[in-house]
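The values are calculated or read from the model by the stated rules, or taken from the named source; none is laboratory data. Please read these numbers as outputs of a predicted model, since none were measured by experiment. Please note: Cβ atoms are built from the backbone with ideal geometry, for glycine as well, and neighbour counts cover all protein chains shown. Just the protein is used for accessible areas: all its heavy atoms, side chains included, with ligands, DNA and RNA removed. Shrake-Rupley method; radii C 1.70, N 1.55, O 1.52, S 1.80 Å.
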Amino acid sequence: MNHTQLLLDVSTNALLHLEFKKLDKPLSLIERNNLLVKYFKRIAKANRYRTIRKSAKQWISLGRQSDTNLESILDTEVERLLQTCSTDLYLFVGLVADLELKLNTKVQYSKACDIDLNARYGKVLVCVVDEDLTSSFDSEGLMIKSTQILFIGNAELKDVFSAVIDQTRYFQSVVAYEDETHLRIELFRM
């Protein structure tokens, strides 16, 4: 899980933790801040959260200040992270990560004329085929032109590839070419 997604998950979980505590009894600002500080102390100490340790420590420091509303700060942070995590570029990177995970491979990037059809990681070749992938997304991460993904492998893994592509709710896919072992799809922004 990347840094931004982990920050989003932890900050959302902290707010949920606080909401459940508020169901038990009304909490003052100091009590809410103390609960969040206690929550983030566990996060800062846990090794699995080491990539966001600095943010957790900053939240702890803010929560200890008497005039700060840490809950409000976290609400703002969650909104900002949601916007960051929902850009087309971010979602495209997530799709590539899903393909790598489900197919146990590494997704390559190449121009169509430069694809090495023998450069496989594992049992398949998966390649983002684009002249300039950065030109497919604008400065705010929105997809402004389509891009293609090529799959080469056996029929069973081709079905897995298709399932991962079909599961995405963020992009529309169109089959550009298909035979027994090849599938090239074109992705468009919905």
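Relative to the longest principal axis of the Cα atoms of the chain, the long axis of helix 88-103 makes an angle of roughly 70 degrees. Summing Cβ point charges (Lys, Arg +1; Asp, Glu -1) relative to the Cα centre of segment 90-147 gives a dipole of roughly 360 debye. For the chain, give the percent of accessible area contributed by carbon and sulfur heavy atoms, probe 1.4 Å, rounded to a whole number. Within the chain, the accessible surface is 51 percent carbon and sulfur.
Of GLY122, GLY94, GLY63, the residue with the greatest mean-square motion in the GNM of the chain, using alpha carbon springs below 10 Å, is GLY122. The C-alpha atoms of the chain define a longest principal axis, and helix 53-63 lies at about 30 degrees to it. Prolate is the label for the chain, because a/c, from the alpha-carbon gyration tensor with a ≥ b ≥ c as root eigenvalues, is 1.5 or above and a/b exceeds b/c. Relative to the longest principal Cα axis of the chain, at what angle does helix 70-85 sit, 0 to 90 degrees, rounded to 10? Approximately 10 degrees, to the nearest ten.
If you take the square roots of the eigenvalues of the alpha-carbon gyration tensor of segment 127-172 and sort them as a ≥ b ≥ c, do you get rounded (a/c under 1.5), prolate (a/b over b/c) or oblate? Oblate shape, in that a/c is at least 1.5 and b/c is the bigger or equal ratio.
Each stretch of four or more DSSP H residues adds -39500 (n - 2.57); spread over every residue of the chain, this sum gives -16500 deg cm²/dmol at 222 nm. Excluding SER66 itself, calculate the net charge of residues whose Cβ lies under 15 Å from the Cβ of SER66, where each Lys or Arg counts +1 and each Asp or Glu counts -1. It works out to a net charge of -1. Which residue, GLN108, SER28, ILE52, has the largest displacement toward the positive end of the dipole of segment 16-149 when charges sit on each Cβ (Lys, Arg +1; Asp, Glu -1)? Positive-end residue among those listed: SER28.
Distance between the 7 Å Cα→Cβ label points at THR181 and ARG80: 5.0 nm. Label zone (ALA163, point 7 Å along Cα-to-C-beta; backbone nitrogen cut-off 15 Å) within segment 103-131: 103-104. Apply the a/c threshold of 1.5 to the C-alpha gyration tensor of segment 34-105 and tell me whether it is rounded, prolate or oblate. It comes out oblate by the Cα gyration axes. Averaged per residue, segment 1-109 has 61 square angstrom of accessible surface, using a 1.4 angstrom probe with ligands and nucleic acids left out.
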